[in-house]
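The next block holds one structure in the form of structure tokens; read it before the comments.
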Amino acid sequence: MAYERLEILTGAAILAVAIGFAAYAGRGAGLMQEADSYSLIASFRSVEGVSVGTDVRLAGVKVGTVTALNLNPETYFADAEISVRKDLILPIDSTILVSSEGLLGGTFVELQPGGMPDALAPGDEIEDTQGAVSVISLLMKFAGGGDSKDAGSTTP
């Protein structure tokens, strides 16, 4: 009888730890929205390097996460849903852009607040967006040297 009780308690403890780890991982990956946050929407031409759970930063400080990414079949843009801290009041003319930590660094989403007195409400769309810049395509343009017509050459 005591042996069965010990097995039940051990199983319950293992199950509680597993549920705790799953909740922690889900929140860290941005799958669960925190209670003290609100959602905003943004449409990007390219979200290369961004995935669900990617950090949203303001002045280098993490203030939220990307909670959803979907392709809009009408505009062919990537619609991103982000979750930001509830105490963060963003002006309606704020900008959101996909940034990189460096040449080999990770990608994150950066918020740049505007100057308007009106604020974005939960569920609003950030209109001013800038998608990811492909470092590879920039290097290819630089390495290719461009067309001789573009360089100001007078030869036909």
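The values are calculated or read from the model by the stated rules, or taken from the named source; none is laboratory data. Being a predicted model, the structure only gives us computed values, none of them experimental. Ideal geometry is used to build each Cβ from the backbone, glycine not excepted, and the neighbour counts take in all protein chains shown.
Assorted remarks:
- Check on E48, touching a residue at least 40 places away in the same chain (Cβ under 8 Å), charged (D, E, K, R) and assigned to a strand (DSSP E or B): no
- Some residue of region 130-139 being touching a Lys or Arg at 6+ places or on another chain (Cβ under 9 Å), modelled with pLDDT under 90, in a loop (DSSP other than H, G, I, E, B) and not hydrophobic (A, V, I, L, M, F, W, C): yes
- Taking region 27-52 as the range and being out of contact with any Pro (no Cβ under 7 Å at 6 or more places or on another chain), modelled with pLDDT of 90 or more and more than 19 Å from N72 (Cβ to Cβ) as the test, no residue passes.
- Hits in region 115-134 - residues which are over 13 Å from S83 (Cα atoms) and exposed (fewer than 15 other Cβ atoms within 10 Å of the Cβ): G115, M116, P117, D118, A119, E127, D128, V133, S134
- Test for I96: is it more than 22 Å from Y24 (Cα to Cα), in contact (Cβ under 8 Å) with a residue 24 or more places away in the chain, assigned to a strand (DSSP E or B) and out of contact with any Phe, Trp or Tyr (no Cβ under 7 Å at 6 or more places or on another chain): yes
- Taken over region 99-120, the criterion of being aliphatic (A, V, I, L, M) and without any contact (Cβ under 8 Å) to a residue 24 or more places away in the chain is satisfied by L104 alone.
- Per-region count, region 96-110, residues surrounded by 16 or more Cβ atoms within 10 Å (Cβ to Cβ) and either more than 13 Å from the chain's Cα centre (by Cα) or of a type in the set (F, W, Y) (or both): 1
- Residue tally, condition more than 18 Å from E127 (Cβ to Cβ) and either at pLDDT below 90 or surrounded by fewer than 16 Cβ atoms within 10 Å (Cβ to Cβ) (or both), over region 71-84: 2
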